[in-house]
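Okay, so here's the structure we're looking at.
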2 protein chains.
Amino acid sequence: MSNVPSPVIWFTGLSGSGKTSLGKMLINTLKGDEVPCEFLDGDLVRDFFGNDLGYSREERIQNIKRICFAAKLLSDHGITCVVANIAPFYEVRDFVRSKLSNYLQIYLEVAPEVVVNRDVKGLYKKASASGSSNLVGIDIPYDIPRRPDLVLQTGQESIDDSFTKLKSFLIHRGVISL
Amino acid sequence: MSNVPSPVIWFTGLSGSGKTSLGKMLINTLKGDEVPCEFLDGDLVRDFFGNDLGYSREERIQNIKRICFAAKLLSDHGITCVVANIAPFYEVRDFVRSKLSNYLQIYLEVAPEVVVNRDVKGLYKKASASGSSNLVGIDIPYDIPRRPDLVLQTGQESIDDSFTKLKSFLIHRGVISL
């Protein structure tokens, strides 16, 4: 086991803000650097458990705790973790921070109207049609991060520009090489 | 990431059958061998999650799935996992086997009256006093493993004798060295 836990880089932001896209780009970079790493995408974690959880506040917290548990163990063993999960509540983000000693929170800041327009997964359209959805930003509030380690304006710049900024930040923190 | 997942050695058996004791002995041996390893003890996993789950059938399954998820990821990254968890139901043991490609099930066979007499954690006494307990072997049936990789008669032999047999088995399987 390593002495210093490897970083857990956690992308938070509304659905459609670019968490999975940036997460995949980062994983590819880490693999190119031969850094042992794992991608923990909220939806894939749900799949592993047979999609036993819905999207209520309590169920979202459950899913995030599952991710956090795996990330902590992997990180303790020198595996860098990239997490793409909205983690919308102060309560659960505080839980995560308390459990992970090398945690980097990347906030993808984007105006709600931008992600509603993009609607990558069709979730916002579905919410609008059904009237109730447990969708963060619609029925469930998203708590704006109070002390993110990095903010990326993914609503205002291209994904490549955001990724360039992310890489500079991670090089500075020693997570990836030049 | 390794090509072949590292083993997940899962001790199953009634409360008091010796899962945690053998698990700790095995972890010490693995560490002595400098094998990257992690001990996943059911109670410690519950602690991580703030003891949010009780001991009903459904809650036990939840806890086991959390352990399985972490074990799968660790194993994929070359970390040998030792799990001490009763995993009493065919249903959830089948889930575990389906998710872990290098899974070794060690069944600690012990007669119920032996563990009730031992009552290491005082659980059986408590169950007897309260009349209802969600205790496996008392209120919740324990499904006898149908195809364990190894059976140890921990009710009839000393823990040291069981551990000697366990080591022989794991040497034969290439998990630990001579």
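No value in this document is a laboratory result; all are computed from the given coordinates. What you see is a predicted model; the values in this text were computed from it and never measured. Positions of Cβ are generated from backbone atoms using ideal geometry, with glycine treated the same way; all protein chains shown enter the neighbour counts.
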The simple spin-label model distance between A:Asp52 and A:Arg118, using points 7 Å out along Cα→Cβ, in nm, is 3.2
Quarter of the surface of the C-alpha convex hull for segment A:8-172, i.e. direction-averaged projected area in nm², equals 9.3
Which number gives the lysine pairs in segment B:41-172 that have C-alpha atoms under 26 Å apart and are eight or more places apart or on different chains? 7
Could you pull the copy-to-copy label distances for A:Ser133, with points set 7 Å along Cα to Cβ, in nm to one decimal and sorted shortest first? 5.0
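With +1 on each Lys and Arg Cβ and -1 on each Asp and Glu Cβ, how big is the dipole of segment A:71-169 about its Cα centre, in debye rounded to the nearest 20?
220
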Taking springs between alpha-carbon atoms closer than 10 angstrom, which of A:Val136, A:Val96, A:Val120 fluctuates most in the Gaussian network model of chain A? A:Val120
Which chain A residue puts its Cβ closest to the axis that rotates A onto B, and at what distance in whole Å? A:Ala70, 2
Compute the convex hull volume of the Cα atoms of segment B:113-178, divide it by the residue count, and report the result per residue in Å³ as a whole number. 111
Out of A:Gly54, A:Gly131, A:Gly78, any idea which swings most in a Gaussian network model of chain A, alpha carbons joined below 10 Å? A:Gly131
First select every other residue whose beta carbon is under 13 angstrom from the beta carbon of B:Val116; then total the charges, Lys and Arg +1, Asp and Glu -1. +2
Report, as an integer, the average count of C-beta atoms from other chains found within 10 Å of each Cβ along B:72-85. 3
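Only Lys, Arg, Asp and Glu count, each charged at its Cβ (+1, +1, -1, -1), so figure out the dipole size of segment A:8-172 about its Cα centre, rounded to 20 debye.
Rounded to the nearest 20 debye, it is 160 debye.
With N set to the number of residues, divide the alpha-carbon radius of gyration of the protein assembly as shown by 2.2 N^0.38 Å and report two decimals.
Details: Rg = 22.5 Å, N = 356, 2.2 N^0.38 = 20.5 Å.
Against the compact-globule rule of thumb, the ratio is 1.10.
Nearest 500 deg cm²/dmol is fine: what mean residue ellipticity at 222 nm does the protein assembly as shown get from its DSSP H runs of n ≥ 4 alone, each adding -39,500 (n - 2.57), divided by its residue count?
-14000 deg cm²/dmol
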Dipole-positive endmost among B:Tyr107, B:Ala84, B:Asn134 within segment B:59-178 (Cβ charges, Cα centre): B:Ala84
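Please compute, for peptide B:64-71, the average count of beta-carbon atoms on other protein chains lying within 10 Å of each residue's beta-carbon.
Shielding by partners across B:64-71 averages 4.
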